[in-house]
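*Asks:* Right, I'll just put the structure down here and ask away after.
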Amino acid sequence: MVEIEIDGKKIQAENGEMLIKAADDNGITIPRYCYHKKLSIAANCRMCLVEVEKAPKPLPACATPVADGMKVFTRSPSALNAQRSVMEFLLINHPLDCPICDQGGQCELQDLAVGFGGDRSLYDEGKRAVANENVGPLVETRMTRCIHCSRCIRFGDEIAGLREFGMVHRGEHAKVATYVKHSLRSEVAGNIIDLCPVGALTSKPFLYRGRAWELDAHEAIAPHDCLGSNIYVHTRRNQVMRVVPRENESINETWLADRDRFSYLGANNDERVGKPMIKREGQWHEATWIEALEFAANGLEGVRKQHGAEALGALASASCTVEEYFLLQQLMRSLGSHNIDHRLRETDFSDQKHLPLFPSLGMQIEDLENLNSFLLIGSNIQREQPLAGVRLRKAVVKNQAKAMSVNFLDHTVNFPLSEKLVVAGDALLFELAGIVKALIADQKELQDQTEQLLKSMQPTAEQQAIADKLKQGEKSAIILGAFVQQHPEAATIRALAQLIAQASGSSCGVMSLGANSAGAYVAGMLPHRLAGGAVAEKPGLDAGAMLTGACRSLLLLNVEPAYDAANSALAEQALAKADFVVSLAPYLSNDVREHGDVLLPIATFAENTGTYINVEGVWQTSRAAIKPFQECRPAWKVLRVLGNIFKLDGFEYVCAQDVLNKAQEVIDAANFVEPQWFCPAPIALPKAKTQRIAEWPIYSVDNVVRRAVALQESLHYEQPYGARMNQATANKLSIAGDSEVMVEQANAASICLPLKIDATVPDNAVAIEAGIEATRGLGGAFENITITKRVG
Amino acid sequence: MATETVDTTAEFVLSEKVRKEIDHWLEKFPEEQRQSAVLAALHAVQQDIGWLPENAMDAVADYIGMPHIAVYEVATFYDMYNLKPIGKHKITVCTNISCMLCGSDKIVEHLQQRLDIKLGETTSDGMFTLKEVECLAACKNAPMMQVDFDYHENLTPESLDQIIEKYRNDK
Ligand code: SF4
Ligand code: FES
Ligand code: FES
């Protein structure tokens, strides 16, 4: 610690800290453009010049380390003069087009020009102009406005791990550009909109839509991944105009993933249904709420009377709120059914009794960047939880952490992997078992416990290397991705992951599916557990069973089964088979349109108040920023009224807070016993069949993002959907030269898809995305698949 | 010099010779400073094919292990790299301060007229490319220009004509 004086105020500062940071921490304003606390120091704009005692010239505060006894003057004549001159220089080439610039009113250049600039310029020659670039549907460029602060370049280099912008040419001709024209590919690229201090990079979907001073900011939680990033929803006249990050050092820092930033476009989409709808004789008709609710209740009641309460099932997405989950399970259980689930994408429920209270990361999100080594199992972290990827990258780049991955596809990650194994579906289990075997060579107790399981294993050199690196890491972690949880042997994979963690002294965690898996577990949105984790006496059917047609009636909360379920074909058949399907959703999806009976339109995230529990276990409540679209209602209200119509006890809630209080009370009172680890059954040899590997693309994870058109368009650079396989597999199937192939799975329609040769797919596997219209109607995500020549 | 025709749409393959040359430079720098070899690597490619198409820069970037854009930054910064195909002879006129004070504007103007092209262009017969550059450290004998690898100093419109003729006749 050193003591310095800024503008006569004595302050304490860390050794080696830069002046600007010390000033910021003490509420002293120093103007700046290039400095950003999350980026490296470039010191190229010179806006932060301040006078330092004994220094002959003003010094840049962002690049001057504090020294004991230093006396700094930020508003002395010499400092002000320097700042004014820098402002004048910066404005030489900056167009004065504020009236037509989207940054107007929230522009650092505008603010600092007013605060620190002069009122006229000596420069009256022509200004230079720079051509704009089309960098895709998310970011708008006006490069003449660029002041070359290089924040956007450093962001790509240091945070996103993908350098897309650079400073090309020199001197008068220098400009920030991509050089080769392309759409931005980083899944966190939108952050450069916030970083750019001027109007050079702005939000394209928000372009010319509004002015900063017309907007109201509402605190909310982003509902698309398990991190629970904090956001501000900016609204005007009851419409969401844009979403920006809200700083939270322990979750999203100052960043936001593009999915969270632009998903509001999906909520504003024309496909929104604004009135309840009932299907009569195959036709959908608008209805009043009371008609629709009674129709829904009568339908459910009819099925219950005829076939018993066990014939009712309820499925919710993994991104609903705690309040909604709690009410839905209360409703179903009061009606006498435990057929309740939110795990639509999962297929292996065999270990459900042995799982912890909720799927957790097993560590703090913030700590990801302090790891020394980590093993990702079946994770596409950059796409699944983009900001967790950003944290892990910091661990690798700053701490030289050893990053390792065992996966079904060779996903690109924005940090170097020191070990990587890419194998098709079932072979993954063998890799994990090999790592365990390598780890427990000197651990007698674990050897005994896993004797049966690992008898025939012989660790390979790669498995040994992973084991060693995990052991060497002082802080190490095993992270199961969202991808792997869909595997038909997920229970064994989870058990093996725990063994690896235990034997290597690592933490073990999952990056759970959806935004609120944790909330669903805790609130009892499970067939075998009540709220708080108490054991359900008579467990109901899991999502897999419900979607194989075991329920006569299905109540859907925010799910589109043909796009959200592990097996699209079976899910749709289950809907078709059901006598009565009630959907609570903001849209009428194709599957529900065909097989549903009543649609109760509900609010989307910014219109709803509700609580999300993130993967770290943090409860965060998001409050409605605007009124719901047309006649939509928050799902919790709809569920409450359904409870009233059924004349059930305990549905007297007046507001979302009441529901939360009740849920909290039940959860606190529940007696959850932490289950023991269990040893899975020995692993069967992998089948020699060709297996499908289905991933949900980054912008197809839920009903709202699927309709965010700009997000969909931003993926156009990627290979369009298709049957992707490596050359060897294509040769083996003797289709190598074809452009299209027929794909077929058990119980599913056979469809024609473009063939893509893709070296990131392992042998004997075919990668075909799920969750999109083109592959709707295919079968299970990790099941066998037959590929044949297209005839005709 | 002259440039070779290159398929700029296909993946560019660095020739054996170029790879040897890059390796030679890579050896001189510590492993974590591999990108220091980029200047020499770009020179090697330019020696080989006469200019730097994007796909060749990408190949250099991948070979050294640096982001593509970082190579474009370097290549666009320095005048000696040819980002477009050039003619048989490259004329680079210094227009920096000393030469400017000694009349480089006139030299440029004369050349433009004589060759009937603008700065940055190539004559239609593919003989000359005209470019302007920064100080080439021959200020003592300003104004000056460089043709291929040779310096020509104390230029006047008359001496220019002779020099041009010489290169034109020298097949
Ligand atoms: S585009 Fe914006 S962020 Fe990037 S260098 Fe220019 S002013 Fe800075
Ligand atoms: S903020 Fe210090 S030089 Fe830019
Ligand atoms: S200024 Fe022309 S050579 Fe130095």
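*Asks:* Exactly one condition in (1) open to solvent by 20 Å² or more (accessible area, probe 1.4 Å); (2) within 14 Å of another protein chain (Cβ to nearest Cβ) is not met by residue A:125; state its number.
*Replies:* (2)
*Asks:* Looking only at region B:66-82, which residues are more than 10 Å from every other protein chain (Cβ to nearest Cβ) and either open to solvent by 10 Å² or more (accessible area, probe 1.4 Å) or among the basic types (Lys, Arg) (or both)?
*Replies:* Passing the criteria: only B:80.
*Asks:* Give the residue, chosen from A:18, A:47, that is at pLDDT 95 or above and within 16 Å of ligand 1 (Cβ to nearest atom).
*Replies:* The conditions single out A:47.
*Asks:* I would also like to ask the following. Filter region B:88-104 for residues that are part of a loop (DSSP other than H, G, I, E, B) and either over 18 Å from residue B:160 (Cα atoms) or within 16 Å of ligand 1 (Cβ to nearest atom) (or both) and give the result.
*Replies:* B:96
*Asks:* Right, another one. Does any residue in region A:145-160 that is away from chain B (no Cβ under 12 Å) come within less than 8 Å, Cβ to Cβ, of a residue that is assigned to a helix (DSSP H, G or I) and within 12 Å of ligand 2 (Cβ to nearest atom) six or more places away or on a different chain, and which pairs are these?
*Replies:* Pairs that qualify, where the first residue is away from chain B (no Cβ under 12 Å) and the partner is assigned to a helix (DSSP H, G or I) and within 12 Å of ligand 2 (Cβ to nearest atom), are A:147/A:90.
*Asks:* Residue A:746 fails exactly one of the following numbered conditions: (1) within 25 Å of residue A:429 (Cβ to Cβ); (2) in contact with a helix residue (DSSP H, G or I) (Cβ under 9 Å, 6 or more places away or on another chain); (3) in contact (Cβ under 8 Å) with a residue 40 or more places away in the chain. What is the number of that condition?
*Replies:* (3)
*Asks:* Assuming residue B:100 fulfils every condition listed in (1) surrounded by fewer than 18 Cβ atoms within 10 Å (Cβ to Cβ); (2) within 27 Å of residue A:174 (Cβ to Cβ); (3) under 19 Å from the mean Cα position of the chain (by Cα) apart from one, which condition is it?
*Replies:* So the condition that residue B:100 fails would be (3).
*Asks:* Okay, moving on. Which one of these does residue A:147 not meet: (1) over 24 Å from residue B:66 (Cβ atoms); (2) more than 16 Å from ligand 2 (Cβ to nearest atom)?
*Replies:* It is condition (2) that residue A:147 fails.
*Asks:* Looking only at residues in region A:169-184 that are more than 12 Å from ligand 1 (Cβ to nearest atom) and within 9 Å of chain B (Cβ to nearest Cβ), which one is surrounded by the fewest Cβ atoms within 10 Å (Cβ to Cβ)?
*Replies:* Restricting to residues being more than 12 Å from ligand 1 (Cβ to nearest atom) and within 9 Å of chain B (Cβ to nearest Cβ), the top hit is A:171.
*Asks:* Given the options B:160, B:136, B:155, name the one that is more than 14 Å from chain A (Cβ to nearest Cβ), crowded, with 16+ Cβ neighbours inside 10 Å, closer than 24 Å to residue A:171 by Cα and more than 16 Å from ligand 1 (Cβ to nearest atom). Please lay out each step first, then the result.
*Replies:* Working: B:160 fails: closer than 24 Å to residue A:171 by Cα; B:155 fails: closer than 24 Å to residue A:171 by Cα.
Unique residue meeting the criteria: B:136.
*Asks:* Looking at region B:110-133 only, could you name the residues that are open to solvent by 50 Å² or more (accessible area, probe 1.4 Å) and either in the same structural domain as residue B:46 (by TED's automatic domain parsing) or within 16 Å of ligand 3 (Cβ to nearest atom) (or both)?
*Replies:* B:119, B:132
*Asks:* Kindly indicate whether any position in region A:185-208 is over 26 Å from the mean Cα position of the chain (by Cα) and open to solvent by 40 Å² or more (accessible area, probe 1.4 Å).
*Replies:* Yes - at least one qualifying residue is present in region A:185-208.
The values are calculated or read from the model by the stated rules, or taken from the named source; none is laboratory data. As the structure is a prediction and not an experimental result, all values here were calculated from the model. Cβ coordinates were reconstructed from backbone atoms using ideal geometry, including for glycine residues, and neighbour counts include every protein chain displayed. Surface areas here come from the heavy atoms of the whole protein model, side chains and all, with no ligands, DNA or RNA. Shrake-Rupley method; radii C 1.70, N 1.55, O 1.52, S 1.80 Å.
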